[in-house]
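Visitor: So that we are looking at the same thing, I have put the structure below in structure tokens.
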Amino acid sequence: MKTIRTFLVLIAASLLLALSSTQAAEVIRISVPASMTDAMKELAAQFGASGQHAPIVANYGPSGTLAKQIVEGAPADLFISANQKWMDYLRDEKQIDPATEKILAANTLVFVGMKNPAVTQLVDITGLKQVAIGSPKSVPAGEYAVQAMEKAGIYQQLDEGKKLVMAKDVRQALTYADRGETDGAFVYKSDALMATQAVILFEVDQELYTPVTYPIVLTVAGAQNSEAKAFYDFLVGPEGRKVFGKFGFSAAK
């Protein structure tokens, strides 16, 4: 009797383990830049409605932070970066499947704030008290902003004047400007569409910064996850392009 009971317990444990493994394999874990939050939420909902039922667990944040988390062991099947730098970092760390890397979308840098006729071009922001940017150490939008200010010859003046307010990501920079907590902020055009009070004061000359592109890739683990591959195909397909366009992103060139 004891032998039979032990046998049944072992069978139950084996079934539970198999079920658990199957459920884990069906989860799609994605690491996505903060600027894509709203577009990705809509795409995830559409993907679920299309007959693909794998739950999507999203991690939104600065591209640099997300990449470092993956290297440190954070689970991820799919990674999108707001610049090439952090994609290259993960490739060097052998964390991705290089064959799946491609440009998903593009964006442009703008400056937002409350309506202000005195601010119509980059040089005008030197007259402001506080300007928000994503921390350039981990936020690509902040890196692009610094590039533009340096090429325009105004970065040192703003930096030494303690006028730059560092945000943890581009969405926080937008929030600062949208609440009037800073006089303006550098954000992507797609983020500016999310503002409720702030408006686009000017578009930053694209000659002043590296083109903003969003590379996408499957991680080593994601390449073995059929559901993650299905979601990847959905994002790079016509459905993905349509939604990204709706949220202010431009098509990848």
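The values are calculated or read from the model by the stated rules, or taken from the named source; none is laboratory data. Since the model is a prediction, treat every value here as computed from it, not as a measurement. Backbone-built Cβ (ideal geometry, glycine too); neighbour counts: all protein chains shown. Please note that ligands, DNA and RNA were not included when accessible areas were found on the heavy atoms of the full protein model with its side chains. Shrake-Rupley method; radii C 1.70, N 1.55, O 1.52, S 1.80 Å.
Visitor: How many residues does region 28-49 contain that are β-branched (Val, Ile, Thr) and either free of Cβ contacts under 8 Å to residues at least 60 places away in the same chain or touching a Lys or Arg at 6+ places or on another chain (Cβ under 8 Å) (or both)?
Guide: Total meeting the criteria: 2.
Visitor: For region 102-121, how many residues meet the condition of being in contact with a strand residue (DSSP E or B) (Cβ under 7 Å, 6 or more places away or on another chain) and over 30 Å from ASP233 (Cβ atoms)?
Guide: 9
Visitor: Which of the numbered conditions does ASP191 fail, given that it passes all the others? Conditions: (1) open to solvent by less than 10 Å² (accessible area, probe 1.4 Å); (2) within 17 Å of PRO98 (Cα to Cα).
Guide: The failed condition is (2).
Visitor: Let me ask something additional. Here are some residues: ILE70, ILE80. Which one is touching a residue at least 12 places away in the same chain (Cβ under 8 Å), aliphatic (A, V, I, L, M) and over 21 Å from TYR209 (Cα atoms)?
Guide: Of the residues listed, the single one that is touching a residue at least 12 places away in the same chain (Cβ under 8 Å), aliphatic (A, V, I, L, M) and over 21 Å from TYR209 (Cα atoms) is ILE70.
Visitor: Related question: Within region 223-235, is there a residue that is under 20 Å from the mean Cα position of the chain (by Cα), open to solvent by 50 Å² or more (accessible area, probe 1.4 Å) and over 20 Å from TYR89 (Cβ atoms)?
Guide: Yes; the residues of region 223-235 include at least one that is under 20 Å from the mean Cα position of the chain (by Cα), open to solvent by 50 Å² or more (accessible area, probe 1.4 Å) and over 20 Å from TYR89 (Cβ atoms).
Visitor: Let me ask you something else. Identify, please: which residue in region 110-123 is under 18 Å from GLY180 (Cβ atoms) and without any contact (Cβ under 8 Å) to a residue 40 or more places away in the chain and is, among those, least open to solvent (accessible area, probe 1.4 Å)?
Guide: ALA118
Visitor: Related question: Of the residues GLY153, GLY180, only one is open to solvent by less than 50 Å² (accessible area, probe 1.4 Å), at positive phi and small (Gly, Ala, Ser); which?
Guide: Answer to the selection: GLY180.
Visitor: Just to verify a result, which residue in region 58-91, among those that are out of contact with any Gly (no Cβ under 6 Å at 6 or more places or on another chain) and over 26 Å from ALA145 (Cα atoms), is surrounded by the most Cβ atoms within 10 Å (Cβ to Cβ)?
Guide: Per the stated criteria, the residue is ALA76.
Visitor: Here's something else I'd like to know. Could you tell me whether LEU158 is part of a helix (DSSP H, G or I), farther than 16 Å from ASP205 by Cβ and in contact (Cβ under 8 Å) with a residue 60 or more places away in the chain?
Guide: no
Visitor: Let me ask something additional. Looking at region 216-235, which of its residues are assigned to a strand (DSSP E or B) and either among the polar types (S, T, N, Q) or closer than 30 Å to GLN121 by Cα (or both)?
Guide: Residue satisfying the conditions is THR219 alone.
Visitor: Can you report the number of residues in region 124-149 which are more than 19 Å from GLY64 (Cβ to Cβ), in a helix (DSSP H, G or I) and open to solvent by 10 Å² or more (accessible area, probe 1.4 Å)?
Guide: So the count comes out to 3.
Visitor: Across region 236-253, which residue is modelled with the highest pLDDT among those that are among the small types (Gly, Ala, Ser), under 16 Å from the mean Cα position of the chain (by Cα) and assigned to a loop (DSSP other than H, G, I, E, B)?
Guide: GLY248
Visitor: Taking the options THR213, THR175, THR196, name whichever one is assigned to a strand (DSSP E or B) and open to solvent by 20 Å² or more (accessible area, probe 1.4 Å).
Guide: Just one listed residue meets the conditions, THR213.
Visitor: Follow-up. Conditions first: (1) touching a residue at least 40 places away in the same chain (Cβ under 8 Å); (2) under 19 Å from SER250 (Cα atoms). GLU227 passes all but one, so which condition is the exception?
Guide: Against the list (1) touching a residue at least 40 places away in the same chain (Cβ under 8 Å); (2) under 19 Å from SER250 (Cα atoms), GLU227 comes up short only on (2).
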